[in-house]
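The values are calculated or read from the model by the stated rules, or taken from the named source; none is laboratory data. This structure is a prediction, so every number in the text was calculated from the model and none was measured. A quick note on method: Cβ atoms are made from the backbone with ideal geometry, for glycine too, and the neighbour counts reach across all protein chains shown. Protein only, heavy atoms only, side chains kept; ligands, DNA and RNA dropped before computing areas. Shrake-Rupley method; radii C 1.70, N 1.55, O 1.52, S 1.80 Å.
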Amino acid sequence: MAGAGISTPSGIPDFRSPGSGLYSNLEQYNIPYPEAIFELMYFFVNPKPFFTLAKELYPGNYRPNYAHYFLRLLHNKGLLLRLYTQNIDGLERVAGIPPDKLVEAHGTFATATCTVCRRKFPGEDFRGDVMADKVPHCPVCTGVIKPDIVFFGEELPQRFFLHVTDFPMADLLFIIGTSLEVEPFASLAGAVRSSVPRVLINRDLVGPFAWQQRYNDVAQLGDVVSGVEKLVELLDWNEEMQTLIQKEKEKLDAKDK
């Protein structure tokens, strides 16, 4: 399970943090409160603030970091049953984790849906509009196109319900960089069997680690990337990690040219 804490080292700004460029960009819209960006009623009245955020987070602006590549290495080694992420930045995909191994619990910019006729489109189709500060419209019915990000009160993606079979099968659960505050995502932390170790790599103790620890819980507190580095060292995967990161960096460099 992964949250925003694995993306901040990539430079992804938190839209709630005063002082971040994104927060100031949003201020010009006089949003009643930051979370309004993700409310459908507000979106239908004024979609501009959401697309300001979308422009910032659209795939291609940021790169995965050490923590993402650790998860990719788990996949390469055949050890990743599934990665449940709360993040909407798509960096797990950029790190090369295949979509079938991912549950993007709060949605993705990789696909988009017309709010009127409900036609589905690849997110890439509207990249040009979003980058040009235009609200994208459906080529068929001219309705506003909304990337498939889950707004407040919307249903979670169907894939989220894979947890019903995934979590009882797991033999180890990593929880990395999340406050475990947003439901129903947070309660997944309690969905593994009680004999299964849970490893928290996070700034603080959160969720059941704070109020209902199990005998086999492990917590590595502090900086998330440093925590992951410690783990990689203990596993003796340093060399493989460096090779993977170098190879992926070269791929992304070539793409950017």
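Which of the lysines could a cross-linker span from Lys146 if the Cα-Cα distance has to be under 21 Å and same-chain partners fewer than 8 positions apart are dropped?
Within the straight-line cut-off, Lys146 pairs with Lys48, Lys55, Lys120, Lys134.
Size of the range 76-116 along its principal axes in angstrom, Cα-based, largest extent first?
Sorted largest first, the three principal extents are 43, 16, 15 Å.
Counting heavy atoms of the protein chains only and a 1.4 Å probe, report the per residue accessible area for the chain as a whole number of Å². Numbers along the way, then the final one.
Numbers: 12950 Å² over 257 residues.
Computed with neighbouring chains in place, this is 50 Å² per residue.
Would you mind counting up the charge near Leu252? Only other residues with Cβ under 14 Å from its Cβ, with Lys and Arg at +1 and Asp and Glu at -1.
Overall, the nearby charge balance is +4.
Give me the net charge of Leu74's neighbourhood, meaning all other residues with Cβ under 12 Å from the Cβ of Leu74; Lys, Arg count +1, Asp, Glu -1.
+2
Largest first and to the nearest Å, give the Cα extent of the chain along each principal axis.
The principal-axis extents, from largest down, are 54, 43, 37 Å.
Based on the mean of other Cβ atoms within 10 Å per residue, sort peptides 65-75, 38-48 so the most packed one is first.
Sorting 65-75, 38-48 by mean packing, highest first, produces 65-75, 38-48.
For the chain, which whole-number percentage of the solvent-accessible area (1.4 Å probe, protein heavy atoms only) is attributable to carbon and sulfur atoms?
Here carbon and sulfur together make up 54 percent of the probe-accessible area.
In the P(r) worked out for the range 56-187, what percent of Cα pairs fall beyond 21 Å?
46 percent
When Lys and Arg each count +1 and Asp and Glu each count -1, what net charge do the other residues less than 11 Å away from Thr178, Cβ to Cβ, add up to?
-1
Give the distance, in whole Å, between the Cα centre of the range 45-71 and the Cα centre of the range 186-257.
21 Å
Specify which residue in the list Leu244, Ser226, Pro208 is farthest towards the positive end of the charge dipole of the range 125-257, using unit charges on the beta carbon of Lys, Arg (+1) and Asp, Glu (-1), about the Cα centre.
Going by the Cα projections, it comes out as Pro208.
How much solvent-accessible surface does Glu35 expose, in Å² to the nearest 10, with a 1.4 Å probe and all protein chains in place?
60 Å²
Calculate the dipole size of the range 165-257 relative to its Cα centre from +1 charges on Lys and Arg beta carbons and -1 charges on Asp and Glu beta carbons; express the result in debye to the nearest 20.
160 debye
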